[in-house]
């Protein structure tokens, strides 16, 4: 499992080296292109900001009111039965529905439990292997006016479920 | 969707606060959270811009095109119903590669084009074809190699090692994608005539 963490450490530097060398080999003026791309990223983040403000305020209110704790207590018997971190339950459901709302909950968990706690690590891994199923499906299928989606939802839910289970397993192996 | 979700979240929060006696905390929470959203975005501005800059080099150098071509044999396995050299395969490849590199803005337009091309091959226009189902499940099983946003969020909340989740995240993503493909292939075989 130390290999896994070594992989984490080497991934970004290796991508840098690879892309820079590849860029040179194709005679790209890499710095100019980098600046251009960075501008795009800047715009993307600024577009996210209003959504993030809206959703973080909503989650902040839910947290301060004690509603999130009450919900956690309600589901805790079931979650503990399968060894699932109770505090991660709201996030797991929200993840399927809305990307920005789940980000709000994720940041709330980081704030309250820390990103380096077991919970923080688990939700990080889980967020990276799951997708906003309902939103994505509606965008893509609506674009071609398909209304009968057959087994798409079942397949996607299964994949997400497998991802959540794999995250829990790997985090238990590495950090517990 | 969010029009309901957002309002309901706040209303529930305030209603619960009325019962738990935490009403005074609500205002503080609202103010603090909005400030936090801004500080988080400032951290993200740096990390995301760095990443998109790097990926722009890859795109400009033609790396995405090269990788798309390399993917073709695998796509032929996933989508046996799509004729060889059909346009939709190109769009699917671009969508998948862009997703792997976390280029969301490049992924979605290519994905929608892929759906449109697959719709041309589809016999029943209101019903998803086999290829469409596979494409959607594959796409939604999460393909991203490195979740840069997460690294940004973790570093914003003072993680000692924001990137330590890359390896485990890669593993979990691999499992979810594999599971998505496997279950779809099984359903295609046993359930769909």
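Read-outs throughout are calculated quantities, based only on the coordinates presented, and are distinct from any laboratory measurement. What you are looking at is a predicted structure, and each value in this text was computed from that prediction instead of being measured. A quick note on method: Cβ atoms are made from the backbone with ideal geometry, for glycine too, and the neighbour counts reach across all protein chains shown.
Key figures
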item: Overall Cα dimensions of the range B:60-103 - principal axes, largest extent first, Å; result: 31, 17, 15
item: Hydrodynamic radius of the protein assembly as shown per Kirkwood, over alpha carbon pairs, in Å; result: 21.6 Å
item: Sorted by Cβ neighbour density within 10 Å, fewest at the top, the residues B:136, A:137, B:72; result: B:72, A:137, B:136
item: Ranking of B:52, A:149 by count of other Cβ atoms within 10 Å, fewest first; result: A:149, B:52
item: Computed [θ] at 222 nm, deg cm²/dmol, chain A (DSSP H ≥ 4; -39,500 (n - 2.57); rounded to nearest 500); result: -28000 deg cm²/dmol
item: In degrees, nearest ten, helix A:30-65 long axis to first principal axis of chain A (Cα); result: 10 degrees
item: Between helix A:118-128 and chain A: long-axis angle, C-alpha atoms, 0 to 90°, nearest 10; result: 60 degrees
item: Helix-only mean residue ellipticity at 222 nm for chain B, each DSSP H run of n ≥ 4 adding -39500 (n - 2.57), per residue, nearest 500; result: -26500 deg cm²/dmol
item: For the range B:83-150, Kirkwood radius (reciprocal of mean inverse C-alpha pair distance, Å); result: 12.4 Å
item: On Cα atoms only, tilt of B:166-190 relative to the major axis of chain B in degrees; result: 50 degrees
item: Compactness index (Cα Rg / 2.2 N^0.38 Å), the range B:92-193; result: 1.30
item: Chain B - Rg over Rh from alpha carbon coordinates, Kirkwood radius; result: 1.08
item: Rg and Dmax [Cα atoms of the range A:9-175; Å; Rg one decimal, Dmax integer]; result: 19.5, 60
item: Residues B:96, B:66, sorted so that the one with the fewest Cβ neighbours within 10 Å comes first; result: B:66, B:96
